[in-house]
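Trainee: Let me begin by handing over the structure; questions about it come next.
The values are calculated or read from the model by the stated rules, or taken from the named source; none is laboratory data. Everything numeric in this text was worked out from a predicted model, so none of it was measured. A quick note on method: Cβ atoms are made from the backbone with ideal geometry, for glycine too, and the neighbour counts reach across all protein chains shown.
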Amino acid sequence: MGKVKVAIICGGRSSENEISLISASGVLQAIDRNLFDIELIGITKSGKWLHLPKESIFVVKNGVLPTISENGIEVSITSQGLIAGGKKLAVDVVFPVLHGPYGEDGTIQGLLEIIGLRYVGSGVLASAVCMDKSYAKPIFSAAGLKVAPGIVVTSNKFELPSELSVPLFVKPARSGSSKGTSKVNRITELADAVEHALSFDSKVIIEKAVEGKEIECAILETDKKLTVSAVGEISISKDFEFYDFQAKYIDNSMELIVPANLPEGVEDEIKKAALIAFSAAGCEGLARVDFFYANTGEVIINEINTMPGFTPTSVYPKLFEESGVDYKLLITKLINTAMSKSVSITR
Ligand SMILES: Nc1ncnc2c1ncn2[C@@H]1O[C@H](COP(=O)(O)OP(=O)(O)O)[C@@H](O)[C@H]1O
Ligand SMILES: [Mg+2]
């Protein structure tokens, strides 16, 4: 049997463009070349699709994030498939290693459905739901999971319900990588925090800050079965008030503790909640499900990431590595799962 032809798409128009490049670089280096032939497509910040050399490497150097140049061979998206330099790219399946809006939000998934290409990860609806926290939270609640109390605002004119006392978190409904997110310790800081979040998204969430641990758990779909990884605890240095962009990507100041330090029974409770959330949102392929384990003992779901950070040292691959699935095998499994799906509307 010939090799499966995989198009890795990276970059993108979202504020997580650079993070996507780093994730894709990891995939490119680890993917099993005995099983897969690769095409690499980079989407620039302005939205151009470019055909990139498969040897491209993107890393953070001296604290500077990687980028792709705006010049190169453009890829056109047609009903015949993806065309670069006048030639159709041979593609069986797409691995959209894209984070945030236009990548993780159902839009590229819709485009791929329309041109009839299989892809790794969740479909249109689940991607869209998980991208927008104002829709994901009610779905989690309806499935019986606890979420942090909060409201959705679209301007700085709102009335704060009395239960939303400080400390609060203010965040864009559809951002990622903590961009635009702030913790509000004094009520006088709230208006500025909302203004800041509104510069990232027209819809903003104000929610009660949960005091406790941040716990993450990964799910992988293979042969229509779901596997839940070990549960990890995010431990960040005391220099950071919360798990912000700098802590996540620039300073490498996060330590993942696996298994998380939790009282008896809580790990299982979290794994169960992760599966419930994955199914309630209709996710496919993979997802990282993020929780808080509150000081009160409650398990509170924060969000689902349908295309989580995917470098070899990112949380999703690390959690599976701890569970016995290494990075290379994880990539193989994800692509095989995508290949097993139908390209028709009944998926
Ligand atoms: N309600 C909350 N209570 C405590 N910390 C929060 C809360 N909401 C967000 N945070 C902090 O902000 C970070 C980013 O928020 P999150 O909702 O995960 O958005 P993103 O999609 O940007 O990752 C979280 O990892 C956590 O550190
Ligand atoms: Mg998060």
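Trainee: Where in the range 53-168 are there strands (runs of 3 or more DSSP E), lying fully within it, with 2 or more residues that are in contact with a helix residue (DSSP H, G or I) (Cβ under 8 Å, 6 or more places away or on another chain) and not hydroxyl-bearing (Ser, Thr, Tyr)? Steps first, answer last, please.
Mentor: Working: elements: 73-78, 81-84, 93-96, 150-153.
Correct list: 93-96, 150-153.
Trainee: I'd like to check something: does the range 79-95 contain any residue that is within 24 Å of Arg174 (Cα to Cα) and not assigned by TED's automatic domain parsing to the domain that holds Tyr327? If you could, list the steps in order and put the result at the bottom.
Mentor: Our first condition is that a residue be within 24 Å of Arg174 (Cα to Cα); within the range 79-95, this holds for 94-95.
Filter once more, so that each one left must be not assigned by TED's automatic domain parsing to the domain that holds Tyr327: 94-95.
Yes, the conditions are met somewhere in the range 79-95.
Trainee: Quick check on the range 118-142: of everything there that is farther than 24 Å from Val170 by Cα and among the small types (Gly, Ala, Ser), which residue is surrounded by the fewest Cβ atoms within 10 Å (Cβ to Cβ)?
Mentor: Gly123
Trainee: Just to verify a result, which residue in the range 228-258, among those that are near ligand 1 (Cβ under 9 Å from one of its atoms) and among the charged types (D, E, K, R), is nearest to Thr311 (Cα to Cα)? Quick ask: steps written out before the conclusion?
Mentor: Taking the range 228-258 first, the residues near ligand 1 (Cβ under 9 Å from one of its atoms) are 234, 236, 240-245, 247-248.
Filter again for among the charged types (D, E, K, R), leaving 241, 244, 248.
On the way: Glu241: 24, Asp244: 18, Lys248: 12 Å.
It comes out as Lys248.
Trainee: Do you know which of the residues in the range 176-214 that are over 25 Å from Pro308 (Cα atoms) and of a type in the set (D, E, K, R) is farthest from ligand 2 (Cβ to nearest atom)? Show your work before the answer.
Mentor: At the first step, the residues of the range 176-214 found to be over 25 Å from Pro308 (Cα atoms) are 184-195.
Applying the additional criterion that residues be of a type in the set (D, E, K, R) yields 186, 189, 192, 195.
Values: Arg186: 24, Glu189: 21, Asp192: 22, Glu195: 21 Å.
That would be Arg186.
Trainee: Quick one: what pairs do we get from the range 325-345, first residue touching a residue at least 24 places away in the same chain (Cβ under 8 Å), second aromatic (Phe, Trp, Tyr), C-beta under 7 Å, 6+ apart or different chains?
Mentor: Pairs that qualify, where the first residue is touching a residue at least 24 places away in the same chain (Cβ under 8 Å) and the partner is aromatic (Phe, Trp, Tyr), are Leu330/Phe320; Ile335/Phe36; Ile335/Phe95; Ala338/Tyr119.
Trainee: Another question, then. State all residues of the range 246-286 that are without any contact (Cβ under 8 Å) to a residue 60 or more places away in the chain and among the basic types (Lys, Arg); if no residue qualifies, say none.
Mentor: Lys271, Lys272
Trainee: Restricting the range 292-312 to residues that are away from ligand 1 (no atom under 13 Å from the Cβ) and farther than 17 Å from Glu16 by Cβ, which is surrounded by the most Cβ atoms within 10 Å (Cβ to Cβ)?
Mentor: Within the range 292-312, the first condition is being away from ligand 1 (no atom under 13 Å from the Cβ), and the residues that meet it are 297, 299, 310-312.
Now narrow it down to the ones that are farther than 17 Å from Glu16 by Cβ: 297, 299, 312.
Working: Gly297: 9, Val299: 19, Pro312: 17.
The extreme case among them is Val299.
Trainee: From the list Ala173, Ala143, exactly one residue is of a type in the set (A, V, I, L, M) and within 16 Å of ligand 2 (Cβ to nearest atom). Which is it? Talk me through it step by step, then tell me what you get.
Mentor: On the way: Ala143 fails: within 16 Å of ligand 2 (Cβ to nearest atom).
None of the others qualify; the one that does is Ala173.
Trainee: Here is a further query. In the range 13-36, what count of residues is obtained for those that are over 16 Å from Asn336 (Cα atoms) and not in a helix (DSSP H, G or I)? Write out each step before concluding.
Mentor: Within the range 13-36, the subset over 16 Å from Asn336 (Cα atoms) is 13-26, 28-29.
Still in the list and also not in a helix (DSSP H, G or I): 13-16.
Count: 4.
Trainee: Can you say whether Val64 is surrounded by fewer than 20 Cβ atoms within 10 Å (Cβ to Cβ) and either touching a residue at least 24 places away in the same chain (Cβ under 8 Å) or not polar (S, T, N, Q) (or both), as far as the supplied structure shows?
Mentor: Numbers: surrounded by fewer than 20 Cβ atoms within 10 Å (Cβ to Cβ): yes; either touching a residue at least 24 places away in the same chain (Cβ under 8 Å) or not polar (S, T, N, Q) (or both): yes.
Yes, satisfied.
Trainee: Based on this model, can you work out whether Glu241 counts as within 16 Å of ligand 2 (Cβ to nearest atom) and exposed (fewer than 14 other Cβ atoms within 10 Å of the Cβ)?
Mentor: Numbers: within 16 Å of ligand 2 (Cβ to nearest atom): yes; exposed (fewer than 14 other Cβ atoms within 10 Å of the Cβ): yes.
Here the answer is yes, as Glu241 does meet what is asked.
Trainee: Here is a further query. Mind listing just one residue for me: the one in the range 167-199 that is of a type in the set (A, V, I, L, M, F, W, C) and loosely packed, with under 15 Cβ neighbours inside 10 Å and, of those, farthest from ligand 1 (Cβ to nearest atom)? Reasoning before the result, please.
Mentor: Initially, the range 167-199 is screened for residues of a type in the set (A, V, I, L, M, F, W, C), giving 168-170, 173, 184, 187, 190-191, 193-194, 197-198.
From the residues that got through so far, the ones that are loosely packed, with under 15 Cβ neighbours inside 10 Å too are 187, 191.
Values: Ile187: 16, Ala191: 18 Å.
In this case the residue turns out to be Ala191.
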